[in-house]
Amino acid sequence: MKYVVINLDRSVDRLNLIEAQFRLADRDFVRFSAIGNAIVDGDPQVRATKFEGIFGRKMTNGELGCFKSHVQCLRDFVASGDDVILILEDDVTLGPEAFAMIEELPRALSAASENWQCVNLSSSYPKRFSRIARVEGHELRRSWQFPILASALMWSRAGAQNFLKDLDKKGIYAPFDDQVRYVLTRTGQGFSFDRSPISLAHFGSDIGLVDCGSDSSTRNPAKKVRKNSLKDVIKRTPFYGWSLLHVTMYRLGMLR
């Protein structure tokens, strides 16, 4: 299992903490020097109009830096020839027992679906899922609506390739975790757990809106889309449609 940790150069305390956790478990990781502020204005990949239409605000430089950090990790992974990777942000907490579950997980995922793409280890979603298996005491679920939060994502090669293909075609139209949710909910190949086996440490955010990019000074003051407003319902409608389609296909044996 290859582990990659996204860490800002200035976040020494976070790096020290996660190093201690890996040392206690006798494991190693590769550090990726996180991209801090990336400039949204003029970035050829950012679909600013679509982003504002979905979220009711502009993308921040910190969100873009976080997005680009994850994407570069995925590109490095695809180029490496490895089959599975766990990409972690530096604010996670892993007990020694978590590593046994993490390293057993690819086998359980392959048994559930040879086409699995990504599993969220740091967040769960209590609706629209199918129970798959038990892994070291945790309930593995097929998440028809993929959970938000990207602090700990395990990717297959096929999942990384599919996400990058979607990105190259459609550009950046959401924060990274939201865009992952769009892609994984559309493919029906995302997984999570009933209880997230990887938790978050009690750090103040280095960057405000997200935890792997820029300073909190980049927070955008524009209002977000109000929950259950017409715009919010329109935003969530595709998730419901994809979830219903995939659940139906799964129950009919048309999706594996």
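Quick notes
- Residue 44, sole failed condition from (1) over 21 Å from the mean Cα position of the chain (by Cα); (2) over 15 Å from residue 173 (Cβ atoms): (2)
- If you check 108, 38 for being closer than 28 Å to residue 243 by Cβ, of a type outside the set (Lys, Arg) and touching a residue at least 12 places away in the same chain (Cβ under 8 Å), only one passes: 108.
- Which listed residue, of 85, 6, is among the hydrophobic types (A, V, I, L, M, F, W, C), under 22 Å from residue 153 (Cα atoms) and touching an Asp or Glu at 6+ places or on another chain (Cβ under 7 Å): 6
- Any chance residue 82 is farther than 13 Å from residue 150 by Cα, within 17 Å of the chain's Cα centre (by Cα) and of a type outside the set (A, V, I, L, M): no
One line per residue, one yes/no per condition, for (1) without any contact (Cβ under 8 Å) to a residue 24 or more places away in the chain; (2) under 20 Å from residue 196 (Cβ atoms); (3) among the polar types (S, T, N, Q); (4) out of contact with any strand residue (DSSP E or B) (no Cβ under 7 Å at 6 or more places or on another chain):
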residue	(1), (2), (3), (4)
57	no, no, no, yes
81	yes, no, no, yes
102	no, yes, no, no
130	no, yes, yes, no
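- Every test in (1) in a helix (DSSP H, G or I); (2) among the hydrophobic types (A, V, I, L, M, F, W, C); (3) buried (at least 18 other Cβ atoms within 10 Å of the Cβ); (4) under 17 Å from the mean Cα position of the chain (by Cα) is passed by residue 116 save one, and that test is (1).
- Qualifying positions in segment 143-156 - in a loop (DSSP other than H, G, I, E, B) and small (Gly, Ala, Ser): 150, 151
- Filter result (out of contact with any helix residue (DSSP H, G or I) (no Cβ under 8 Å at 6 or more places or on another chain) and within 25 Å of residue 39 (Cα to Cα)) within segment 64-97: 64, 65, 68, 69, 72, 73, 76, 89
- Checking residue 140 against (1) in a strand (DSSP E or B); (2) more than 24 Å from residue 2 (Cβ to Cβ), the condition it does not meet: (2)
Read the figures in this text as sums done on the coordinates, not as results from a lab. All values reported here derive from a predicted model rather than from experimental measurement. Don't worry about glycine lacking a Cβ; one is built from the backbone with ideal geometry, like all the others, and counts go over all protein chains shown.
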